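Visitor: First the structure, then my questions, so here it is.
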């Protein structure tokens with residue numbers, strides 16, 4: 001049966017992890033995860049990605065501090081239960097948008113490649129699935145894209161001017177793994 005296939009199982013059991021054990025992730029493991037990412041398909045074979053690996057907690061804290069108030073502004077007027085809860089967390093000084101993960105990998109995309117966003121998103125998904133297969137949790141932190149409005153931070157992160165932040169992803173050995181969110185049945189039009 002298809003659900004017993006290891007690839008399908010890996011896809012269906014991966015979760016966005018926001019609780020990490022204190023165990024560090026080796027550079028070798030991160031390189032393996034990135035290697036899985038670069039095997040994603042790309043439009044016109046451009047391979048428009050670059051990667052910034054951050055293990056320095058002080059840099060991650062600065063990024064979190066920069067992004068939190070900007071996200072609060074974006075969420076003004078959004079009053080779903082999830083948004084209200086998240087806004088409360090954002091207002092606390094100790095909250096870290098990176099959930100104290102040991103590693104942040106930023107997938108950068110070339111501003112000149114026509115399919116950068118799609119290519120880098122597929123790369124990011126490969127990376128998260130590879131990490132899950134290796135027993136490592138991950139979570140795409142879209143909020144961290146807000147760092148792009150800070151030229152000093154972009155320089156500190158050594159992000160070239162002709163690249164943009166597409167997929168900031170945290171990685172680490174998991175603490176608590178969340179339960180699966182229910183999935184709606186797909187809407188399919190057959191022709």
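For (1) touching a helix residue (DSSP H, G or I) at 6+ places or on another chain (Cβ under 8 Å); (2) in contact (Cβ under 8 Å) with a residue 40 or more places away in the chain; (3) surrounded by fewer than 15 Cβ atoms within 10 Å (Cβ to Cβ), each residue gets a yes or a no:
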position: 13; (1), (2), (3): yes, yes, yes
position: 33; (1), (2), (3): yes, yes, no
position: 38; (1), (2), (3): yes, yes, yes
position: 60; (1), (2), (3): no, yes, no
position: 63; (1), (2), (3): yes, yes, no
position: 76; (1), (2), (3): no, no, yes
position: 79; (1), (2), (3): no, no, yes
position: 84; (1), (2), (3): no, no, yes
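Visitor: Given the criteria more than 17 Å from the chain's Cα centre (by Cα) and on the phi > 0 side of the Ramachandran plot, does residue 47 qualify? Walk me through how you get there before you give the answer.
Guide: Working: more than 17 Å from the chain's Cα centre (by Cα): yes; on the phi > 0 side of the Ramachandran plot: yes.
Considered against the rule, which asks whether it is more than 17 Å from the chain's Cα centre (by Cα) and on the phi > 0 side of the Ramachandran plot, residue 47 comes out as yes.
Visitor: For residue 121, are the conditions met, namely being touching a residue at least 12 places away in the same chain (Cβ under 8 Å), out of contact with any strand residue (DSSP E or B) (no Cβ under 6 Å at 6 or more places or on another chain), in a helix (DSSP H, G or I) and under 22 Å from residue 23 (Cα atoms)?
Guide: Values: touching a residue at least 12 places away in the same chain (Cβ under 8 Å): yes; out of contact with any strand residue (DSSP E or B) (no Cβ under 6 Å at 6 or more places or on another chain): yes; in a helix (DSSP H, G or I): yes; under 22 Å from residue 23 (Cα atoms): no.
No; evaluated as a whole, the condition is false for this residue.
Visitor: Mind checking whether some residue in region 145-165 is closer than 21 Å to residue 24 by Cα and in contact with a helix residue (DSSP H, G or I) (Cβ under 6 Å, 6 or more places away or on another chain)? Explain how you work it out, then say what you get.
Guide: In the first step, residues of region 145-165 are kept if they are closer than 21 Å to residue 24 by Cα; the result is 157.
After this cut, where a residue has to be in contact with a helix residue (DSSP H, G or I) (Cβ under 6 Å, 6 or more places away or on another chain) as well, the list is none.
No: zero hits.
Visitor: Being free of Cβ contacts under 8 Å to residues at least 60 places away in the same chain, under 18 Å from residue 34 (Cβ atoms) and either in contact with a strand residue (DSSP E or B) (Cβ under 8 Å, 6 or more places away or on another chain) or surrounded by fewer than 21 Cβ atoms within 10 Å (Cβ to Cβ) (or both) is the requirement here; does residue 141 meet it?
Guide: Numbers: free of Cβ contacts under 8 Å to residues at least 60 places away in the same chain: yes; under 18 Å from residue 34 (Cβ atoms): yes; either in contact with a strand residue (DSSP E or B) (Cβ under 8 Å, 6 or more places away or on another chain) or surrounded by fewer than 21 Cβ atoms within 10 Å (Cβ to Cβ) (or both): yes.
When the stated conditions are applied, residue 141 passes them.
Visitor: Looking at region 44-58, which of its residues are surrounded by 13 or more Cβ atoms within 10 Å (Cβ to Cβ) and more than 12 Å from residue 103 (Cβ to Cβ)? Walk me through how you get there before you give the answer.
Guide: The first filter runs over region 44-58 and keeps only residues surrounded by 13 or more Cβ atoms within 10 Å (Cβ to Cβ), leaving 46-55, 57.
Hits for region 44-58 are 46, 47, 48, 49, 50.
Visitor: Scan region 151-191 residue by residue and report those that are surrounded by 10 or more Cβ atoms within 10 Å (Cβ to Cβ) and modelled with pLDDT under 95.
Guide: 174, 175, 176, 177, 178, 180
The values are calculated or read from the model by the stated rules, or taken from the named source; none is laboratory data. Just so you know, these numbers come straight off a predicted model, no measurement behind them. Here the Cβ is made from the backbone with ideal geometry for all residues, glycine too, and neighbour counts use every protein chain on show.
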